[in-house]
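Some notes on the structure that comes next.
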Amino acid sequence: MKVELDLPELSHDERAHSARLAILLANKIKAKGSMPFSEYFAECLYHPELGYYTGHLEKFGQSGDFVTAPIVSPFFSYGFANQIAEILALCTAPMIVEVGAGTGVMARDILTRLKTLNALPERYGIIEISDTLRARQKATIEAMHPDLMDRIEWLSEPPKVPWEGCLIGNEIVDALPVERFVIKGGKAHYADVGYDELNQQFITVSERTDDVLDAWMAKLTAEGIELPEGYLSEFCPMLYDWLLDLTRHLTKGAVLLADYGYGRRQYYAPERIEGTLIAHVKHRVHNDWSIFQGVQDLTANVDFTHLAEAGLAAGFEFLGYTTQAYFLYGNQLEAMLIEQKNHLDDLQWYQTAQAVQMLVMPEEMGERFKFLALGKGIELEPQGFALHDLSHQL
């Protein structure tokens with residue numbers, strides 16, 4: 001029996017947008033048979049015209065579907081910037097490359113802090129596929145930093161020439177297309193996407209297997225992870241190639257990635273029997289991937305063990321893994337707040353403190369979100385990972 005979800009009403013434009021993409025996907029399935037979940041996921045988020053991230057609909061903030069840490073408080077980005085500055089100081093003609101800059105708020109606030117520290121990069125590249133978001137990012141950054149616009153460039157792909165500096169991303173890895181699988185008859189099968197024409201709805205089809213899935217399950221077994229019958233979860237086969245492509249020409253510097261997720265043993269914990277896939281729409285969180293195509297965000301938690309392995313395979317050294325709260329505290333959060341308090345009235349200080357609490361409190365973002373650092377060609381124990389090392393969880 002399908003559980004009734006408390007979901008918001010879509011506007012006329014949103015319904016029309018979603019219907020167009022749903023018809024396109026249904027027709028593909030009718031013509032070719034069930035599609036891999038990763039393909040469905042990619043179409044829903046990144047279809048050139050109708051995808052969630054490539055379309056024109058609002059996504060971020062109170063008028064969108066979810067709120068990210070940079071929107072909650074600039075102190076998230078200020079702490080990020082303090083860590084970046086420590087890395088850039090070890091590089092020649094350093095560059096920052098941000099993957100998927102959202103509204104541009106994080107880039108704007110990182111540049112604000114780096115200005116204060118006299119640690120600006122030579123260049124700031126933003127890899128962004130959405131024309132709508134590019135325009136918004138440019139407007140956001142230019143309003144605060146018109147003097148820096150000659151350093152900022154929007155990229156369609158990673159740099160193809162050698163560069164030094166820092167690759168950064170916030171809530172990027174969770175948006176990479178994943179495959180879903182289910183244990184059926186003691187063996188893992190892909191949980192692909194089919195279409196039920198009679199009821200006009202997308203359904204799960206669990207028939208396909210291949211060597212990639214078999215190898216992933218053998219890897220889990222070798223690590224002592226055994227999944228019971230009916231266990232449904234995800235993995236991200238494209239992660240290695242994605243990270244390698246982004247960093248192929250980074251010759252010296254670091255990768256800093258923030259996201260929500262777990263080490264592998266927590267990711268495939270027995271109680272997580274329905275996986276980590278979730279959808280966001282108008283600040284409602286649910287797990288029905290089969291509706292609101294192109295209108296709701298789809299996301300899977302990050303297997304940070306897999307991400308660290310991908311970094312090692314791409315030629316990096318592991319530098320650190322910790323929670324968002326410890327990362328920010330390690331990057332002078334308290335000192336920055338004390339300095340800021342002197343310039344605020346009581347109401348402004350209350351609002352600032354409330355926002356920062358959302359960043360660091362365990363029941364908010366403080367423990368759910370993690371930071372991972374990878375380095376190449378640098379000798380560094382990053383300050384953001386010095387307070388609390390979680391590498392034993394990987």
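Miscellaneous remarks
- The Cβ shell under 12 Å around Glu274 holds other residues with a net charge of -1, Lys and Arg each +1, Asp and Glu each -1.
- Selection from Val302, Gln348, Ile291 lying farthest towards where the dipole of region 239-394 points positive, charges on Cβ: Ile291
- Positive end of the dipole of region 10-393 (Cβ unit charges, origin at the Cα centre): among Tyr40, Ala191, Ala335, the Cα lying farthest that way belongs to Tyr40.
- Result for the chain in a Gaussian network model with C-alpha springs under 10 Å: among Ala314, Ala69, Ala16, the largest mean-square fluctuation is at Ala16.
- Exposed-loop-free span, longest in the chain, where trypsin sites (Lys or Arg not before Pro) count as exposed if DSSP calls them loop and at most 10 other C-beta atoms lie within 10 Å: 161-394
- Overall form of region 247-291 per C-alpha gyration tensor (a/c, 1.5; a/b vs b/c): oblate
- Between Met149 and Met358, the FRET efficiency from the beta-carbon distance, with R0 = 35 Å, is close to 0.70.
- Based on C-alpha pairs under 8 angstrom that are at least 6 apart in sequence, the chain has a relative contact order of 20 percent.
- Its residues counted as N, region 194-330 yields a C-alpha radius of gyration over 2.2 N^0.38 Å of 1.23.
- Counting only whole DSSP H helices of the chain, the ones at least 15 Å long by C-alpha along their axis and with mean Kyte-Doolittle hydropathy no lower than -0.5 are 12-32, 74-88, 105-116, 211-222, 346-360.
- Taking every C-alpha pair closer than 8 Å and separated by at least 6 residues, the mean separation divided by the residue count of region 195-340 gives a relative contact order of 25 percent.
- Local charge for Met35 was computed over the other residues whose Cβ lies under 13 Å away, with Lys and Arg +1 and Asp and Glu -1, and equals 0.
- Based on alpha-carbon atoms, the Kirkwood radius and the radius of gyration of region 340-394 give Rg/Rh equal to 1.13.
- Other residues with beta-carbon under 14 Å from the beta-carbon of Thr352 carry, at +1 per Lys or Arg and -1 per Asp or Glu, a net charge of -4.
- Relative contact order for region 140-246, counting Cα pairs under 8 Å that sit 6 or more residues apart, in percent: 28 percent
- Student exercise, region 268-330 dipole from Lys, Arg, Asp, Glu Cβ charges, in Debye to nearest 20: 260 debye
- The loop-placed chymotrypsin sites (Phe, Trp or Tyr not before Pro) in region 297-345, going by DSSP, include none that has at most 12 neighbouring Cβ atoms within 10 Å of its Cβ.
- Asp389-Arg368 FRET efficiency (beta carbon distance; Förster radius 22 Å; 0.05 resolution): 0.75
- In range of the label at Glu207: residues from region 24-41 whose backbone nitrogen is under 20 Å from the point 7 Å along Cα→Cβ: 25-41
- Selected from Leu90, Leu198, Leu227 as most flexible by GNM, with the chain as the system and alpha-carbon contacts under 10 Å: Leu198
- The chain, dipole about Cα centre (Lys/Arg Cβ +1, Asp/Glu Cβ -1), debye to the nearest 20: 420 debye
- Within region 179-278, the GluC sites (Glu not before Pro) that combine a DSSP coil assignment with at most 16 other C-beta atoms in a 10 angstrom radius are Glu197, Glu207, Glu223, Glu226, Glu229, Glu271, Glu274.
- In this structure region 10-393 gives 43 Å² per residue of accessible area when probed at 1.4 Å with all protein chains present.
- Residue of Val295, Val72, Val212 that the Gaussian network model of the chain assigns the largest fluctuation, springs spanning Cα pairs under 10 Å: Val212
- In region 86-169, the GluC sites (Glu not before Pro) that fall in loop regions by DSSP, at most 14 other Cβ within 10 Å: none
The values are calculated or read from the model by the stated rules, or taken from the named source; none is laboratory data. Everything numeric in this text was worked out from a predicted model, so none of it was measured. Note that each Cβ is placed from the backbone with ideal geometry, even for glycine, and that neighbours are counted across all protein chains shown. In case anyone asks, the SASA skips ligands and DNA or RNA and just uses the protein heavy atoms, side chains included. Shrake-Rupley method; radii C 1.70, N 1.55, O 1.52, S 1.80 Å.
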